Amino acid sequence: MVGTSTGFTKERAPCGKRVDGSRYHEADGSGMVCDDVHYACGCRRILHQFHDGSCRTRVIRHDGRVLLNELSAEHAE
């Protein structure tokens, strides 16, 4: 998998501030996707989608408070 990193300006961070930051996106074409966003204030938004369809989402505020930590399973066995 080859990822791409891009910068952005004035996006709303999980804390509510509008700040600059960077986004790292990686996908293998078979269902695995990583999307990590780092904001200048220190907040983070992390999304990992796995081959089985499950998805891990984490949103962390710059003070370390976890706003969302979710694992959703889209597959049924």
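The values are calculated or read from the model by the stated rules, or taken from the named source; none is laboratory data. Just so it is clear, the model here is predicted, and its values are computed rather than measured. Please note: Cβ atoms are built from the backbone with ideal geometry, for glycine as well, and neighbour counts cover all protein chains shown.
Among what's in the stretch 1-18 and is more than 16 Å from the chain's Cα centre (by Cα) and in contact (Cβ under 8 Å) with a residue 24 or more places away in the chain, pick the residue that is nearest to Leu67 (Cα to Cα). Here the answer is Lys17. Might you check whether a residue that is modelled with pLDDT of 95 or more and more than 11 Å from the chain's Cα centre (by Cα) occurs anywhere in the stretch 42-49? Yes, some residue in the stretch 42-49 is modelled with pLDDT of 95 or more and more than 11 Å from the chain's Cα centre (by Cα).
Yes/no matrix, rows are residues, columns are (1) of a type in the set (A, V, I, L, M); (2) closer than 19 Å to Ala73 by Cα; (3) at pLDDT 95 or above:
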site: Ser5; (1), (2), (3): no, no, yes
site: Phe8; (1), (2), (3): no, no, yes
site: Ala13; (1), (2), (3): yes, no, yes
site: Gly21; (1), (2), (3): no, no, yes
site: His25; (1), (2), (3): no, no, yes
site: Ala40; (1), (2), (3): yes, no, yes
site: Gly53; (1), (2), (3): no, yes, no
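Say whether the condition of being surrounded by 11 or more Cβ atoms within 10 Å (Cβ to Cβ), acidic (Asp, Glu) and assigned to a loop (DSSP other than H, G, I, E, B) is met by at least one residue in the stretch 44-58. Yes. Here the stretch 19-30 is the region considered, the condition is being within 18 Å of His48 (Cα to Cα) and assigned to a strand (DSSP E or B), and the residue that is farthest from the chain's Cα centre (by Cα) is Ala27.
Quick one: which residue in Arg56, Arg65 is touching a strand residue (DSSP E or B) at 6+ places or on another chain (Cβ under 6 Å) and either of a type in the set (D, E, K, R) or on the phi > 0 side of the Ramachandran plot (or both)?
Result of the check over Arg56, Arg65: Arg56.
Of the numbered criteria (1) surrounded by fewer than 16 Cβ atoms within 10 Å (Cβ to Cβ); (2) of a type outside the set (Asp, Glu); (3) over 23 Å from Glu11 (Cα atoms); (4) in contact with a strand residue (DSSP E or B) (Cβ under 9 Å, 6 or more places away or on another chain), the one Gly29 fails is (4).
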